[in-house]
2 protein chains.
Amino acid sequence: MLEIKLIAANEFQRVRESGLDAHDTLRLLADMCRANTLATVKRAGSGHLGSSLSSLDIVAWLYHAGMNTLELGFDHPDRDIYFSSKGHDAPAYYAVLYSLGILPKELFINLRRLGGTHGHPDVSLPGIETNSGSLGMGISKAKGMALAKKLQGAGGQVFVMTGDGELQEGQIWESLQTTAHQSVNNITAIVDMNRIQSDKPVEEIIDLGELERKFETFGWHTARCDGHDFAELERVFTEFRQVSDKPKVLIADTIKGKGVSFMEGPAALKAGNGLYPWHSGAPDDEAFETAYAEIAARINAQLDAFGLGELATEVIDRRERNRVRLKDRADKVVTAYGKALLELGRERQDIVVMDADLSADCGLRPFENAFPDRFIESGIAEQDMVSTAGGLALNGCLPIVNSFGVFLASRSNEQIYNNATEKTKIIYVCHYAGLIPAGPGKSHQSLRDISLFGALPDCVILEPGNEVETRQALRWCVNEAQQSCMIRLVIGPSPGVIPVAEDGRFTFGRGTVLNEGDDAVLFSYGPVMLNEALTAAERLKSHGFSLKVINMPWLNRVDVDWLETVIGDTESVFVLDDHAGYGGLGDALLNALMSSELLRGRPLLKFAVDNHPACGTPLEVLDYHGLSGDKLAVRILLAMKDKPDQLLEAAS
Amino acid sequence: MLEIKLIAANEFQRVRESGLDAHDTLRLLADMCRANTLATVKRAGSGHLGSSLSSLDIVAWLYHAGMNTLELGFDHPDRDIYFSSKGHDAPAYYAVLYSLGILPKELFINLRRLGGTHGHPDVSLPGIETNSGSLGMGISKAKGMALAKKLQGAGGQVFVMTGDGELQEGQIWESLQTTAHQSVNNITAIVDMNRIQSDKPVEEIIDLGELERKFETFGWHTARCDGHDFAELERVFTEFRQVSDKPKVLIADTIKGKGVSFMEGPAALKAGNGLYPWHSGAPDDEAFETAYAEIAARINAQLDAFGLGELATEVIDRRERNRVRLKDRADKVVTAYGKALLELGRERQDIVVMDADLSADCGLRPFENAFPDRFIESGIAEQDMVSTAGGLALNGCLPIVNSFGVFLASRSNEQIYNNATEKTKIIYVCHYAGLIPAGPGKSHQSLRDISLFGALPDCVILEPGNEVETRQALRWCVNEAQQSCMIRLVIGPSPGVIPVAEDGRFTFGRGTVLNEGDDAVLFSYGPVMLNEALTAAERLKSHGFSLKVINMPWLNRVDVDWLETVIGDTESVFVLDDHAGYGGLGDALLNALMSSELLRGRPLLKFAVDNHPACGTPLEVLDYHGLSGDKLAVRILLAMKDKPDQLLEAAS
């Protein structure tokens, strides 16, 4: 059985105090951090390895040599501040913080677990200066920190790492202009120029062109060097110390996946036929062992050469992954979406599919490969993508716009609004909707998207609960809808297959009864929450309480005749939202019941994500928010007017 | 009494067909458009004159000489497409379309009126290709149009005009990168380089630096010329026709306010002591007459020189302005906000005020002048501003972030969310909130902002109803609130002074009874809607129906004990939102009543802006949306279960 090993903090101390040459020490420490990064990502089951390994040497250099932070402490006003704007390289960042004794072991080894480190940086963790993970905000935030230092008369520089793909975000260029104009000179940006974004080369997605000249014309003092060469890093940062009239940027040429031969950019791209396979997700056991052995061998060879004795590691337990159990065959709405898109692409020449560097994650590759002319890749530039869709829609095309919901609904919200005012038809697909998977954390979980589309005067919002419904929903949006639509899709495989409607129909404003019951009725949607709803119904059934469960894929359109039929005389109405309690299906049904006079004095209670979404495994997080089937069963019993006490006891 | 004159369409035809040299003709036509622009803005009472006059020559040149649009017609797939990304120059754009017979007179003269032309371009109008008015989207939208042409094998170029201040928006740089990478070569951008933004020089707000080099490094074929010289424009656009491998951009050096000596950039800046006074708003009678006389004299001198006879004009009626009547002394919440900000700035050194080029409109000038070090001007870069606020808040400052609500809540939504996840405290002020003033149209009216902040887990949203409450609300946010807050502020003077609480207190979660009554209760907020609510109560009172009117400034926090007291046994509850019906105070109260079991079977009816906001004068638009006091009175009576029929008849 596979063992996952940790290099303990005292080993780092041993190397640091060994009296080796500074750069030799750093090389060793960085490789030890690589090993630990690999271990925590493997243990977590996911994480961004490629990006972690490319930026790691720079982070190691900054904390060990470039910054005064360790010396002064993280609370000192004069400390240098570092953070990663992309945030995807958090595992390596944590590894460096652990190696320095900043991050305790229990936090460090529990990457992407409730109570552990978050998938992307979070200020609740020691040593983390700001939350990141959504791209493009870093230079602006660094500027805020740098300006605060100036206002308070505090010393110290602010160092911010960006990705290269990240430079496709418009906010980067906003912030480059304002930082130069405002003469913020205590800020240094570092571009981790690893040349690969999600799974393709940056120059294929949206080329950055002559980047040095771009930075220079934007008024920044610009340097370039090998981001894995400590001597070069030292040279550049020493030079930067002399520059006091401008903000500074280092373009650091790096290699994605650096330090694991088969994960390194060029080789990995070749092996993947042009697609880089190590951007996100954990390696399988074989790849992990090969990679770990390669790094360990290099470390040991170095230790040996310096006469420092072999590396000590400790085996860490492989905590059970704690996934939502997969009840039966996998059902994946994203895959169904991709198939339906391909099918519709064949049927309708006016469909144009738009992507912001998430083609594979969003199930777009089949369409992309079949219809390259009608596939528009915008790179990480959601605002540009949405307004381009607006121009297409005005001129006879039907754009289907894709990104993760947390980015699409939010980053490009005003562009979506502008398009809406033209009353053209555009289909927005908010992928990665809802609470789960919760490993990547708040920057990726989309729990506000319904509310961000909700006040548009005429946009239909849907979330399908299974593969069949996904095809139906997309076909309805493409072929039936007169107006713009937003489709939410969960990104992972469904924990259980949600049953389809018995009559096979998909009717505007109407849902499907998944479980009959007459003690109460629970509305929900999407594979994740419907699975919990059905689990709750099962639990309650064993206690003699019958819960009607309804799949309601129409999140802001309700056929009130149908609603009256399915609610009947049921005493209590519950709604389970895979969204914040504000503005979701719960509010839509509450309003529908009120305006159609169907409320009749009965209570409607909403279950929803009523705080910032937690980071962790699916079951940890569902439980944390009181939304697991078990927790829901108890909450439903507690809410009933005539509480069946003995049932409640049994259920609790 | 002042006369407003129109140069009729046949006068343009006379000049076009006069056989003059092409450039002489254009010069004449453009000046005639200038006169008509001035006339319609004066008649409307508002409009962006400076920007209209700077871009006008280019628009005139494009339609008369540079594009095939008139020849092919606006429905032809091969037509050239022009639009203004900034959209603020709509009055001049309309003048050109009117001069060509595209826009009928009745539409043209009714600028910013219901049923007339919109304050910013709207596709419902003849000749308008896309909606604009919010900045930075134009190149992306033009790219969508250009790509649609390619997909459909259609000819024609897409021409898009941007402002220079507009280049501070990040989306511009996103779109420059993607357009070049995607080799979209049928697109030409034109920068109306008039060097002044809202009221200050671009180089003072956020300097654009070496703009030609910037465009070149972004992969665009770049040219520069005098934007008022038709020979130069012809030269550049002729050269552009030869460039087929790149998108093209012309930096057109122009003069803001061109053609009216005292409105022209440098002179006007000097007269305004560094502030440009003609960006928005109509000139007073004297300035109008002087300006009109200057243009008319120049036109007549030209006509005379070419032997064409004097210019014929027709007097157009000065339709009554149809403002919401000002009942008593002006009450302006923005002014009160600016004063309170200054006061707090003196009390607390941690306050930093942030602006995105709307300092005067947002009442920030007093603070800006008193505390220049703690005033951060971001230019038109809302995302950068918000993330910079995030960095400041993480490091000991209390940022107060200002912009129009429609931009701030929407454009920088993901940045606001990112800040929220850090649980720092930031105060966002959404100016120009709500339906009124409706003249600028949909791009400026903010009716979704509550919904865009609503799903943040811990953000208090307030809208004060008068000057006193504005100071109280800001002081509460600064000194009492533990969390981030959003304050909505209407931008215009209050139509009537909304009474303050009798006890002078401002209590968390509680509102104020403005009018006693027991037949029904109506909750609302903000000076505009409270004025209509009180008007409705007056109307109803004369019919023997007593309406309790409550000012509820807390839009997402309700003290339910208070709520129970003020509602009592009242049969019907009404809520009037200065917002979309989705996600506003209506939903907050509905949820509060439901969860506190106070609903007790009674109906709650929401009055809100349930469609895209109309453009027009305040009363036109309030009436159009059924939200004027008169309309509300009727809607309330209609909604009552026991309709007092004779009252209803009398009221209707």
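Any idea which of (1) surrounded by fewer than 21 Cβ atoms within 10 Å (Cβ to Cβ); (2) facing chain A (nearest Cβ under 8 Å) is the one B:Lys150 doesn't satisfy?
Single failed check for B:Lys150: (2).
Being more than 8 Å from chain A (Cβ to nearest Cβ), among the aliphatic types (A, V, I, L, M), within 16 Å of A:Pro603 (Cα to Cα) and in a loop (DSSP other than H, G, I, E, B) is the filter here; which residues of the stretch B:569-615 pass it?
The one that is more than 8 Å from chain A (Cβ to nearest Cβ), among the aliphatic types (A, V, I, L, M), within 16 Å of A:Pro603 (Cα to Cα) and in a loop (DSSP other than H, G, I, E, B): B:Leu598.
Exactly one condition in (1) more than 24 Å from B:Ala588 (Cβ to Cβ); (2) touching a His at 6+ places or on another chain (Cβ under 6 Å) is false for A:Phe375; which is it?
If we test A:Phe375 against (1) more than 24 Å from B:Ala588 (Cβ to Cβ); (2) touching a His at 6+ places or on another chain (Cβ under 6 Å), just (2) comes out false.
Could you list, in sequence order, the residues of the stretch A:413-428 that are on the phi < 0 side of the Ramachandran plot, within 9 Å of another protein chain (Cβ to nearest Cβ) and not hydrophobic (A, V, I, L, M, F, W, C)?
Let us first name the residues in the stretch A:413-428 that are on the phi < 0 side of the Ramachandran plot, namely A:413-422, A:424-428.
Filter again for within 9 Å of another protein chain (Cβ to nearest Cβ), leaving A:413-422, A:424.
Matches in the stretch A:413-428: A:Asn413, A:Glu414, A:Gln415, A:Tyr417, A:Asn418, A:Asn419, A:Thr421, A:Glu422, A:Thr424.
Here are some conditions: (1) part of a helix (DSSP H, G or I); (2) touching a strand residue (DSSP E or B) at 6+ places or on another chain (Cβ under 8 Å). A:Phe262 meets all but one. Which one does it not meet?
Condition (2) is where A:Phe262 drops out.
Among (1) farther than 21 Å from B:Ala252 by Cα; (2) open to solvent by 10 Å² or more (accessible area, probe 1.4 Å); (3) assigned to a loop (DSSP other than H, G, I, E, B), where does B:Leu135 come up short?
With respect to (1) farther than 21 Å from B:Ala252 by Cα; (2) open to solvent by 10 Å² or more (accessible area, probe 1.4 Å); (3) assigned to a loop (DSSP other than H, G, I, E, B), B:Leu135 is out only on (1).
Restricting to the stretch B:76-96, count the residues that are under 22 Å from A:Asn418 (Cα atoms) and open to solvent by 50 Å² or more (accessible area, probe 1.4 Å).
The total comes to 0.
For the structure I just gave you, tell me whether B:Ser99 is touching a residue at least 40 places away in the same chain (Cβ under 8 Å), of a type outside the set (A, V, I, L, M) and either buried (at least 24 other Cβ atoms within 10 Å of the Cβ) or out of contact with any helix residue (DSSP H, G or I) (no Cβ under 8 Å at 6 or more places or on another chain) (or both).
yes
Inside the stretch A:141-251, counting only helices (runs of 4 or more DSSP H) that do not spill past its ends, which hold 2 or more residues that are closer than 21 Å to A:Tyr93 by Cα? Spell out the reasoning first.
Working: elements: A:170-181, A:202-206, A:211-217, A:230-241.
Hits in the stretch A:141-251: A:230-241.
Enumerate the pairs (first residue in the stretch A:201-212 and touching a residue at least 60 places away in the same chain (Cβ under 8 Å) and within 7 Å of chain B (Cβ to nearest Cβ); second residue anywhere and in a loop (DSSP other than H, G, I, E, B) and buried (at least 19 other Cβ atoms within 10 Å of the Cβ)) with beta-carbon separation below 6 Å, excluding pairs fewer than 6 apart on the same chain, so at least 6 apart or on different chains.
Listed pairs, sorted by first residue: A:Ile206/A:Gly379.
Does the stretch A:339-388 hold any residues that are in contact (Cβ under 8 Å) with a residue 60 or more places away in the chain, within 13 Å of another protein chain (Cβ to nearest Cβ) and open to solvent by 40 Å² or more (accessible area, probe 1.4 Å), and which are they?
Within the stretch A:339-388, just A:Arg348 meets the criteria.
Out of (1) under 23 Å from B:Ser494 (Cα atoms); (2) outside any helix (DSSP H, G or I); (3) away from chain A (no Cβ under 13 Å), the odd one out for B:Val558 is which?
Here B:Val558 clears every test but (1).
Name the residues in the stretch A:431-474 that are over 21 Å from A:Ser359 (Cα atoms), more than 10 Å from chain B (Cβ to nearest Cβ) and of a type in the set (Gly, Ala, Ser), would you?
A:Gly465
Considering every residue within the stretch B:180-195, establish whether at least one is acidic (Asp, Glu) and either within 11 Å of chain A (Cβ to nearest Cβ) or without any contact (Cβ under 8 Å) to a residue 24 or more places away in the chain (or both). Break it down stepwise before answering.
Initial filter on the stretch B:180-195 (acidic (Asp, Glu)): B:192.
With either within 11 Å of chain A (Cβ to nearest Cβ) or without any contact (Cβ under 8 Å) to a residue 24 or more places away in the chain (or both) added as a condition, the list becomes none.
Within the stretch B:180-195 (the criterion being acidic (Asp, Glu) and either within 11 Å of chain A (Cβ to nearest Cβ) or without any contact (Cβ under 8 Å) to a residue 24 or more places away in the chain (or both)), the answer is no, since none of the residues qualifies.
Suppose we keep only residues that are part of a helix (DSSP H, G or I) and touching a Phe, Trp or Tyr at 6+ places or on another chain (Cβ under 6 Å) within the stretch A:452-473. Which one would you say is farthest from B:Ser451 (Cα to Cα)?
Narrowing the stretch A:452-473 to residues part of a helix (DSSP H, G or I): A:452-454, A:467-473.
When the remaining residues are screened for being touching a Phe, Trp or Tyr at 6+ places or on another chain (Cβ under 6 Å), the result is A:454, A:470, A:472.
On the way: A:Gly454: 8, A:Thr470: 27, A:Gln472: 29 Å.
The residue in question is A:Gln472.
Okay, residues lined up against (1) within 19 Å of the chain's Cα centre (by Cα); (2) within 27 Å of A:Glu232 (Cβ to Cβ); (3) open to solvent by 20 Å² or more (accessible area, probe 1.4 Å); (4) not hydroxyl-bearing (Ser, Thr, Tyr):
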site	(1), (2), (3), (4)
A:Phe12	no, yes, no, yes
A:Gly19	no, yes, yes, yes
A:Asp24	no, yes, yes, yes
A:Ala30	no, yes, no, yes
A:Ala35	no, yes, no, yes
A:Ser46	yes, no, yes, no
A:Leu49	yes, yes, no, yes
A:Ser52	yes, yes, no, no
A:Leu56	no, yes, no, yes
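Looking at the structure I just gave you, is B:Asp122 crowded, with 22+ Cβ neighbours inside 10 Å and either part of a loop (DSSP other than H, G, I, E, B) or in contact with a Leu (Cβ under 6 Å, 6 or more places away or on another chain) (or both)? I'd like the intermediate steps shown before the answer.
Numbers: crowded, with 22+ Cβ neighbours inside 10 Å: yes; either part of a loop (DSSP other than H, G, I, E, B) or in contact with a Leu (Cβ under 6 Å, 6 or more places away or on another chain) (or both): yes.
Yes: the conditions hold for B:Asp122.
Could you check the stretch A:478-496 and list, in sequence order, the residues that are under 26 Å from the mean Cα position of the chain (by Cα) and open to solvent by less than 50 Å² (accessible area, probe 1.4 Å)?
Applying the first criterion (under 26 Å from the mean Cα position of the chain (by Cα)) to the stretch A:478-496 yields A:484-496.
Passing the criteria: A:Ser484, A:Cys485, A:Met486, A:Ile487, A:Arg488, A:Leu489, A:Val490, A:Ile491, A:Gly492, A:Ser494, A:Pro495, A:Gly496.
Anything in the stretch B:175-185 that is open to solvent by 10 Å² or more (accessible area, probe 1.4 Å) and in contact with a Ser or Thr (Cβ under 9 Å, 6 or more places away or on another chain)? List them, or say none.
Matches in the stretch B:175-185: B:Gln182, B:Asn185.
A quick yes/no check of all residues on (1) touching a residue at least 40 places away in the same chain (Cβ under 8 Å); (2) within 26 Å of A:Met1 (Cα to Cα); (3) assigned to a helix (DSSP H, G or I):
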| site | (1), (2), (3) |
| --- | --- |
| A:Gly257 | yes, yes, no |
| A:Lys270 | no, no, yes |
| A:Asn273 | no, no, no |
| A:Tyr276 | yes, no, no |
| A:Arg298 | yes, yes, yes |
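For the stretch B:510-527, check the following and say yes or no: at least one residue is crowded, with 23+ Cβ neighbours inside 10 Å and part of a helix (DSSP H, G or I).
Yes, some residue in the stretch B:510-527 is crowded, with 23+ Cβ neighbours inside 10 Å and part of a helix (DSSP H, G or I).
Looking only at the stretch A:537-556, count every residue that is free of Cβ contacts under 8 Å to residues at least 60 places away in the same chain and open to solvent by 10 Å² or more (accessible area, probe 1.4 Å) and tell me the total.
Adding up the residues that qualify gives 4.
Assess whether A:Val406 counts as being away from every other protein chain (no Cβ under 11 Å) and at pLDDT 95 or above.
Values: away from every other protein chain (no Cβ under 11 Å): no; at pLDDT 95 or above: yes.
No.
The values are calculated or read from the model by the stated rules, or taken from the named source; none is laboratory data. Keep in mind the model is a prediction, meaning the values are calculated, not measured. Note that each Cβ is placed from the backbone with ideal geometry, even for glycine, and that neighbours are counted across all protein chains shown. To get the accessible areas, we keep the full protein, side chains included, count just its heavy atoms, and leave off ligands, DNA and RNA. Shrake-Rupley method; radii C 1.70, N 1.55, O 1.52, S 1.80 Å.
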